[in-house]
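For reference, the structure is listed below as structure tokens.
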Amino acid sequence: MGSALILRLIAQRLALGVLLLFAVSVLIFAGTQILPGDVAQSILGQAATPQALENLRRELGLNDPAYIRYFRWLGGVLTGDFGTALSNRRDIAEALGGRLWNTLFLAGCAAVISVPLAILLGLLAVRYRNGVIDKAISGFALASTSLPEFFIGYLLILFFAVELQWFPASSTVFDTMSFGARLQAIALPAITLTLVVLAHMMRMTRAAILNVMQSAYIETAELKGLSAFDIIRRHAMPNAVAPIVNVVMLNLAYLIVGVVVVEVIFVYPGMGQYLVDHVSKRDVPVVQAVGLIFAAVYIGLNMIADIVAILANPRLRHPK
Amino acid sequence: MAEQPRKKVQEAARGTGTLLDIRNLRIEATVYPPGEDPKNVVIVDDVSLTVERGKVLGLIGESGAGKSTIGLSSMGYGRGGVRITGGEVVLNGRDILGDERGLRKLRGKEVCYVAQSAAAAFNPAHKLMRQVVEATLEHGVSSREEAEKRAVDLFRQLSLPDPENIGDRYPHQVSGGQLQRVMTAMALCSKPDLIVFDEPTTALDVTTQIDVLAAIKKAIRDTGVAALYITHDLAVVAQVSDDIMVLRHGKTVEWGDTRQIIEKPKQDYTKALVSVHAIDHEEHAPTPVPILTVDNVTASYGGGRVKVLRDVSVDIHPGQTLAVVGESGSGKSTLARAITGLLPPESGSITFDGRTLANRLADRPKEDLRQLQMIYQMADVAMNPRQTVGTIIGRPLEFYFGMRGAERNARVAELLDKIEMGKGFADRYPAELSGGQKQRVCIARALAAKPKLIICDEVTSALDPLVANGILKLLLELQAEEDVAYLFITHDLATVRAIADSIAVMYRGELVRYGPKGKVLTPPFDAYTDLLLSSVPEMEVGWLEKAISNRRMEAAGN
């Protein structure tokens, strides 16, 4: 009975996510249509004759009504065809593949460092709350968040690439690179991202657990003679999972979607840089494709957070 | 060598003699009153007590008397920043204060705690069994297998249903009365020397309370554990304690054996506690025309899926009180919601002062709203904390009568006078008032509208007995002066006896007994009314056993 209810709730979340993604695709498409400028004009340049422009428009289907163009685009996307980039006439899906993988690799490395570290620091801050350790952790985390990522990035380059020469200043990666070399190449951007997202996750972990620590069952645990860390780990943590997962997912989304600046600083061939390059070239199909992928990542991760929150709730898992 | 004699002393101490010896205990806390500087208050002042092995000491007093604080001090625990600043707590022959590491070893092993609300005291994320045996395993008292076996035995002793499997359930899957017994099993599991019961039955229905009380008493007797039993209900503590200590404002008022305290109290305060609820209220005969008639009302939640009221018909007569009694979930408050229009009935009609009331609140004219007022259980949350008492009481005067300025202020002062508080309170905020004063302000607010009927929803349930008594007397006086009728919802039968002219007994959404007070409270009873009446603790040693053996029907909470 419980599992049927859970499955229904999860199915609802999934359906909602898909629906949302379609709504976002409409917004992205509409947004790029509103942008001033004409695709044909930007391909052919200022010197193009009216006849040539008209021919290209017909060829690209630009004269069709917007909704037909939307469904044509959507149909392509659903079959894995994002169209061709206007600027260099290359297949977008193909170019995206490698870049998406690079971005996910960088985000994954940053997540592997930052998520456990943030939760551990959050637990420590609760255990020694209002003491020196708590304040030191909070101070460090807040300082690292307050500094803009380009500043942290250049600072890291100055010390670790220029002075100490441990890591390269620009994170060039290529297909034939070994895993170890790849890790070394992305070490600095990964650390930069970690410092940016750490504080938020750590502070939220601390707040979520402290909130739970007010509960009567924490007093029960104290009166059983459990140690402070056992109380936090066994009794507070399981009830703080949902809010913590929520903030972790938001930050994971940021690691993938918000890396634009970091990728530019470290000249890393990921999605962010790809997007920035093509925005400046007014390459609408690429912007649409990247926007849609970012939206999918965002919605997907938030959906996971929702589903974890459902699964973490014993009242839903085990109804009366 | 040194180990040997100490062990012998401890073993000797475990047999008989003094288990807990609290000497000149002083406990303080820092409070932060609104708009004032933080100040130090003494919560417990020079209290000394001893508990013998296997004996039960009842701690009784009103809220703020320091009962729970003293109880928790036996575990060296100060709730919410409370500090033990003086005295000694000697447990098993050693002073436990000031040794944080030692405290952790004794909590859950030598002393265990049973909280008022087991529903909040269990971790919602873990199965019951895991929590029940946790302290036993933490302190290495026994293996997991043995601990679980003992837990199942205790579940059986405490007459929990399905004792083998109830441990596999989560807290939310078990009723409040059952959880309270599981918590008692949890406290007993590690074979402690002392258990602190902190109002373990206060939050339960009267019919459930008696079962839990009997189970706790039996468990104490069978295991030979000593206990501190904390409650504000003298009749309850009289059933389980060997001795009783009466506390007030953190000081000892009287300490003696149970029979002496109940039958021959020496101090005036104890006498007042023993004789509480001695309001004599003669019932009035029904008038020919009722002010409110509820006619065959049926109501449900979730669009007809969950029927919460079935075919209920009652009359309320002008200037009289109808008491609606029943346990939680019986539909008492739902009846009030139907009458106020918050839950439109599915069928049936409600007639008020000769006219039929619209089903939905939104369809009722202002005049209907004015004549039908409500007072709630939680006075705290029924008032805006950022408004002064004068604004709170003045609001209905503005809203219904358009009073302004001096006229309004004069009327507010008059109303404050009626509730025996004086106009000096008009500029105070709710946070500055005591629980009883807050409820008085809510009464004044209801009266300000000059209603013909006031619905009182458990208005005295959250108050201490003596304060509650004062509120009931006030309500009766106001009724005589203003000729207002009350629909009085309560689960407390002593309150009903004190205030009602007629009584409606509800059970699972249905009316099981209804009529004038004298008739309803006179045998022969139906099975449920009998259960309800016989479950009310009486201030008499040995009442519990008599009541349990005379019962005809099991409580629904079982």
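The values are calculated or read from the model by the stated rules, or taken from the named source; none is laboratory data. All of these numbers come straight from a predicted model, not from anything done at the bench. Using ideal geometry, Cβ is built from the backbone for each residue, glycine included, and neighbour counts are taken over all protein chains shown.
Listed conditions (1) of a type in the set (S, T, N, Q); (2) surrounded by 13 or more Cβ atoms within 10 Å (Cβ to Cβ); (3) out of contact with any Lys or Arg (no Cβ under 7 Å at 6 or more places or on another chain) are all met by A:Gln51, apart from (2). Set side by side, the residues A:Ile218, A:Ile209 differ, and just one is within 14 Å of another protein chain (Cβ to nearest Cβ), of a type in the set (A, V, I, L, M, F, W, C), within 20 Å of B:Thr136 (Cβ to Cβ) and touching a residue at least 12 places away in the same chain (Cβ under 8 Å), which is A:Ile218. Collect the residues in the range A:35-60 that are aliphatic (A, V, I, L, M), farther than 20 Å from A:Ala289 by Cβ and not in a helix (DSSP H, G or I), keeping them in residue-number order. If the condition is that a residue be aliphatic (A, V, I, L, M), farther than 20 Å from A:Ala289 by Cβ and not in a helix (DSSP H, G or I), then A:Ala47, A:Ala48 are the ones that fit. Can you name the residue in the range B:90-134 that is assigned to a loop (DSSP other than H, G, I, E, B) and charged (D, E, K, R) and, of all such residues, is nearest to the other protein chains (Cβ to nearest Cβ)? Among them, the one singled out is B:Lys109. Here is the figure for the range B:287-338: residues that are over 20 Å from B:Arg355 (Cα atoms) and polar (S, T, N, Q) total 6. When B:Lys109, B:Lys105 are screened for being in contact (Cβ under 8 Å) with a residue 12 or more places away in the chain and more than 22 Å from B:Ala219 (Cα to Cα), only B:Lys105 passes.
Scanning the range B:48-89 for residues that are within 14 Å of chain A (Cβ to nearest Cβ), within 21 Å of B:Ser241 (Cα to Cα) and not in a helix (DSSP H, G or I) turns up B:Ser74, B:Met75. Just one of (1) at pLDDT below 90; (2) facing another protein chain (nearest Cβ under 10 Å) fails for B:Leu158. It is (2). Considered as a group, the residues in the range B:135-186 that are basic (Lys, Arg) and assigned to a helix (DSSP H, G or I) include one that is surrounded by the most Cβ atoms within 10 Å (Cβ to Cβ), and that residue is B:Arg181.
Answer with yes or no whether A:Tyr274 is more than 14 Å from chain B (Cβ to nearest Cβ), touching a residue at least 60 places away in the same chain (Cβ under 8 Å) and aromatic (Phe, Trp, Tyr). Considered against the rule, which asks whether it is more than 14 Å from chain B (Cβ to nearest Cβ), touching a residue at least 60 places away in the same chain (Cβ under 8 Å) and aromatic (Phe, Trp, Tyr), A:Tyr274 comes out as yes.
Assess whether A:Ala253 counts as being under 28 Å from the mean Cα position of the chain (by Cα), part of a helix (DSSP H, G or I) and either within 14 Å of chain B (Cβ to nearest Cβ) or under 22 Å from B:Met183 (Cβ atoms) (or both). Answer is no for this residue.
Looking across B:Thr460, B:Thr529, one residue alone is β-branched (Val, Ile, Thr), within 21 Å of B:Ser333 (Cβ to Cβ) and not assigned by TED's automatic domain parsing to the domain that holds B:Leu309. It is B:Thr529. Taking (1) touching a strand residue (DSSP E or B) at 6+ places or on another chain (Cβ under 8 Å); (2) surrounded by fewer than 20 Cβ atoms within 10 Å (Cβ to Cβ) in turn, A:Ala207 satisfies each apart from (1). Report yes if some residue within the range B:187-199 is within 14 Å of chain A (Cβ to nearest Cβ), under 30 Å from B:Ala235 (Cα atoms) and in contact with a His (Cβ under 9 Å, 6 or more places away or on another chain); otherwise report no. Yes; the residues of the range B:187-199 include at least one that is within 14 Å of chain A (Cβ to nearest Cβ), under 30 Å from B:Ala235 (Cα atoms) and in contact with a His (Cβ under 9 Å, 6 or more places away or on another chain).
To keep it simple, each residue is scored yes or no on (1) modelled with pLDDT under 85; (2) at positive phi.
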site: B:Asp205; (1), (2): yes, no
site: B:Ala219; (1), (2): no, no
site: B:Ile230; (1), (2): no, no
site: B:Val236; (1), (2): no, no
site: B:Gly250; (1), (2): no, yes
site: B:Arg259; (1), (2): no, no
site: B:Gln267; (1), (2): no, no
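Listed here are the residues, each with its yes/no results for (1) within 23 Å of B:Ala431 (Cβ to Cβ); (2) without any contact (Cβ under 8 Å) to a residue 60 or more places away in the chain; (3) touching a His at 6+ places or on another chain (Cβ under 7 Å); (4) surrounded by 14 or more Cβ atoms within 10 Å (Cβ to Cβ).
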site: B:Met378; (1), (2), (3), (4): yes, no, no, yes
site: B:Ala382; (1), (2), (3), (4): yes, no, no, yes
site: B:Gln387; (1), (2), (3), (4): yes, yes, no, yes
site: B:Thr391; (1), (2), (3), (4): yes, yes, no, yes
site: B:Gly394; (1), (2), (3), (4): yes, yes, no, yes
site: B:Phe401; (1), (2), (3), (4): no, yes, no, yes
site: B:Arg404; (1), (2), (3), (4): no, yes, no, no
site: B:Val412; (1), (2), (3), (4): yes, yes, no, yes
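Checking each residue in the range A:61-117 for being in contact with a Lys or Arg (Cβ under 9 Å, 6 or more places away or on another chain), without any contact (Cβ under 8 Å) to a residue 40 or more places away in the chain and in a helix (DSSP H, G or I) picks out no residue at all. Would you check if there is a residue in the range B:306-326 being within 26 Å of B:Lys450 (Cα to Cα), among the β-branched types (Val, Ile, Thr) and not in a strand (DSSP E or B)? So far as the range B:306-326 goes, no, none of its residues is within 26 Å of B:Lys450 (Cα to Cα), among the β-branched types (Val, Ile, Thr) and not in a strand (DSSP E or B). Evaluation of A:Leu226 against the conditions (1) at the interface with another protein chain (Cβ under 9 Å from one of its Cβ atoms); (2) free of Cβ contacts under 8 Å to residues at least 40 places away in the same chain; (3) part of a helix (DSSP H, G or I) shows that the sole unmet condition is (3).
Can you spot a residue in the range A:240-249 that is within 12 Å of another protein chain (Cβ to nearest Cβ), among the small types (Gly, Ala, Ser), within 30 Å of the chain's Cα centre (by Cα) and within 25 Å of B:Leu188 (Cα to Cα)? No, the range A:240-249 contains no residue that is within 12 Å of another protein chain (Cβ to nearest Cβ), among the small types (Gly, Ala, Ser), within 30 Å of the chain's Cα centre (by Cα) and within 25 Å of B:Leu188 (Cα to Cα).
Residues that are under 19 Å from the mean Cα position of the chain (by Cα) and among the hydrophobic types (A, V, I, L, M, F, W, C) number at least 2 in the following strands (runs of 3 or more DSSP E) confined to the range B:187-269: B:194-198, B:226-231, B:243-248. In the set (1) surrounded by 16 or more Cβ atoms within 10 Å (Cβ to Cβ); (2) in a strand (DSSP E or B); (3) in contact (Cβ under 8 Å) with a residue 60 or more places away in the chain; (4) not assigned by TED's automatic domain parsing to the domain that holds B:Ile195, the condition left unmet by B:Thr298 is number (3). Put simply, of A:Ile293, A:Ile307 the only residue that is surrounded by 19 or more Cβ atoms within 10 Å (Cβ to Cβ) and in a helix (DSSP H, G or I) is A:Ile293.
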